[in-house]
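Step one of this worksheet: look at the structure below.
The values are calculated or read from the model by the stated rules, or taken from the named source; none is laboratory data. As the structure is a prediction and not an experimental result, all values here were calculated from the model. When we count neighbours, we look across all protein chains shown, and the Cβ atoms used for this are built from the backbone with ideal geometry, even at glycine. Ligands, DNA and RNA are stripped out before the accessible areas are found, and what is left, the full protein with its side chains, is counted by its heavy atoms. Shrake-Rupley method; radii C 1.70, N 1.55, O 1.52, S 1.80 Å.
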Amino acid sequence: MSDCIFCKIVRGEIPCSKVFEDDQVLAFDDIHPMAPVHVVVIPKSHIRTLLDVTGDTLPLMGAMTVAAQEVAKRKGIDQKGFRVVCNCNPEGGQIIFHLHMHVLGGRHLADNMG
């Protein structure tokens, strides 16, 4: 999508602080971090939400998971622990409608799951 901010980042129209990149996935530091380590992992192809993942695009979820693992290693949070979050739709906290994961760590993360 031409107006999607994450698509613009993938195309290099908007700069980012890259943490990881391969042919399918890009990971970069979040500009509004919620933890000492906060990295956004996105597929390079536009998928609107988690609900839009299909059998054809399902391999991207695996690529994003591998990227999240690599991000945790590169940021030094793999051994102590980290959280991976994928928000879906407005009530789920999704603000940018391009599928993405947040990798959070670098401090003890409280259990806010109820």
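Can you give the extra length, in nm with one decimal, that the chain gains between residue 17 and residue 34 once fully stretched, where that is 0.36 nm per residue apart less the Cα-Cα distance?
Extra length available between residue 17 and residue 34 comes to 4.5 nm.
Taking a point 7 angstrom from the Cα of residue 80 along the C-beta vector, which residues in region 35-64 have backbone N less than 14 Å away?
Of the residues in region 35-64, 35-38 have backbone N under 14 Å from the label point off residue 80.
State which stretch of the chain is the longest one without any exposed trypsin sites (Lys or Arg not before Pro), exposure meaning a DSSP loop state and at most 12 other Cβ atoms within 10 Å.
12-79
Within 9 Å, Cβ to Cβ, of residue 67, how many net charges do the neighbouring residues add up to if Lys/Arg are +1 and Asp/Glu are -1?
Summing Lys/Arg as +1 and Asp/Glu as -1 gives -3.
Quick check on packing: order 23-34, 87-98 by the mean number of other C-beta atoms within 10 Å, highest mean leading.
Peptide ranking by packing, descending: 23-34, 87-98.
So for 86, 7, what's the accessible-area order with a 1.4 Å probe, most first?
Solvent-accessible surface, decreasing: 86, 7.
Once the Cα atoms of helix 58-74 and of the chain are each reduced to a long axis, what angle between those two axes, in degrees from 0 to 90 to the nearest 10, is obtained?
Tilt relative to the chain: about 40 degrees.
May I ask you to derive the FRET efficiency for residue 51 and residue 24 from their Cβ-Cβ distance with R0 = 25 Å, giving the value to the nearest 0.05?
Approximately 0.80, to the nearest 0.05.
Quick check: the distance between the Cα centres of region 81-99 and region 1-44, to the nearest angstrom?
A separation of 14 Å, based on Cα centres.
Please give the contour-minus-distance gain from residue 2 to residue 73: 0.36 nm per residue of separation, less the Cα-Cα distance, rounded to one decimal in nm.
22.3 nm
What does the net charge come to around residue 3 if you take all other residues with beta carbon closer than 14 Å to its beta carbon, with K and R at +1 and D and E at -1?
Residues near residue 3 contribute +2 overall.
Connecting C-alpha atoms closer than 10 Å in a GNM of the chain, tell me which of 19, 41, 53 has the biggest fluctuation.
53
So for region 1-84, if I pair up every lysine 8 or more residues apart or on another chain, how many of those pairs have alpha-carbons under 18 Å apart?
For region 1-84, the number of qualifying lysine pairs is 5.
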